[in-house]
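**Student:** Here it is: the structure, laid out below.
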Amino acid sequence: MEKRQKIYEGKAKILYTTDDPDRIIQYFKDDATAFNAQKKGTIQEKGILNNRISSRLFTYLEERGIRTHFMRQLSDREMLVKTLQIVPVEVVVRNIIAGSLAQRMGMPEGGDLKLPVLEFYYKKDELGDPMINESHIAAFDLAKPQEISVIREVALAVNRHLTAFFEERGILLVDFKLEFGRHKGEILLGDEITPDGCRLWDRVTREKMDKDRFRRDLGKVEEAYQEVYRRVCQS
């Protein structure tokens, strides 16, 4: 597979075309951002760890019938994925009160939710990715109703599978972000699944094991990512 032109560089990844128009290479960076890129830094070897963690989790989900863009890991920092037309709607699934949900509801972090909460956000960096609902999605034609129905169903299925996966490894899946895209008429799970986009807490101590350590200046950021890698990929 020949890597060709860089077509996109985001906060955490670079995308390259290949000699096959249906395949792109996704490269994982060490760059770290928070608060809509107002805070910037570097997490040593984050790209390597995130590539391996995401590859493992995509493989796990594919084995359970979840269709994703993942094809295979190419190197320490690169994976081969299917080309997607990204749906401009980010999906957040929440199992435990934390982050912006705690702020919006005026509640302390850590409380269990009676059922998973699913939220939609308009994928638009310059606007700060505002929260939207299904009426907005329909009114602005961001996705078709049947696509959102599939996205909702898949997101909740991913939550069930990953909650069980992480629980077996002593980790609470607090909340996480997903992105989806269209590939030959099919909605596929895309982007990545890593501590960048998931809140992960140790099940016993509730120690944070994700990018919140960077956001909140908690220290031991690299150690947290390495521990998630150890539990996800080596156990």
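Where a number appears in this text, it was derived from the coordinates with a stated rule and is not lab data. Predicted model only: the values in this text are computed from it and were never measured. Here the Cβ positions follow ideal geometry from the backbone for every residue, glycine too, while neighbour counts run over all protein chains shown.
**Student:** Restricting to DSSP loop positions (anything but H, G, I, E, B) with no more than 12 other Cβ atoms inside 10 Å of their own Cβ, which GluC sites (Glu not before Pro) remain in the stretch 70-164?
**Tutor:** Hits after loop and neighbour filter: nothing returned.
**Student:** If the chain between E207 and T59 were fully stretched, how many nm would it gain, using 0.36 nm times the residue separation less the Cα-Cα distance?
**Tutor:** Result: 50.6 nm gained on full extension.
**Student:** How big is the Rg/Rh ratio for the stretch 120-164, C-alpha atoms only, Rh by Kirkwood, two decimals?
**Tutor:** For the stretch 120-164, the value is 1.06.
**Student:** What FRET efficiency comes out for R152 versus A34 if R0 is 35 angstrom and r is the Cβ-Cβ distance? Round to the nearest 0.05.
**Tutor:** The calculated FRET efficiency here is 0.80.
**Student:** I'd like the trypsin sites (Lys or Arg not before Pro) in the stretch 32-95 restricted to DSSP loop residues with at most 16 other Cβ atoms within 10 Å, sorted by number.
**Tutor:** Sparse-neighbourhood loop trypsin sites (Lys or Arg not before Pro): R64, R67.
**Student:** Extension gain H136-L113, at 0.36 nm per residue separation less the Cα-Cα distance, in nm?
**Tutor:** 5.8 nm
**Student:** Starting from the 7 Å offset along Cα-to-Cβ, what nm value, one decimal, do you get for the label separation of D22 and Q234?
**Tutor:** Label-label distance for D22 and Q234, simple model: 3.8 nm.
**Student:** Suppose the chain between Q85 and R169 were pulled fully straight at 0.36 nm per residue; how much longer would it get relative to their current alpha carbon spacing?
**Tutor:** Here the answer is 26.9 nm.
**Student:** Would you please give the FRET efficiency between D125 and T42, computed as 1/(1 + (r/R0)^6) with r the Cβ-Cβ distance and R0 = 22 Å, to the nearest 0.05?
**Tutor:** 0.65
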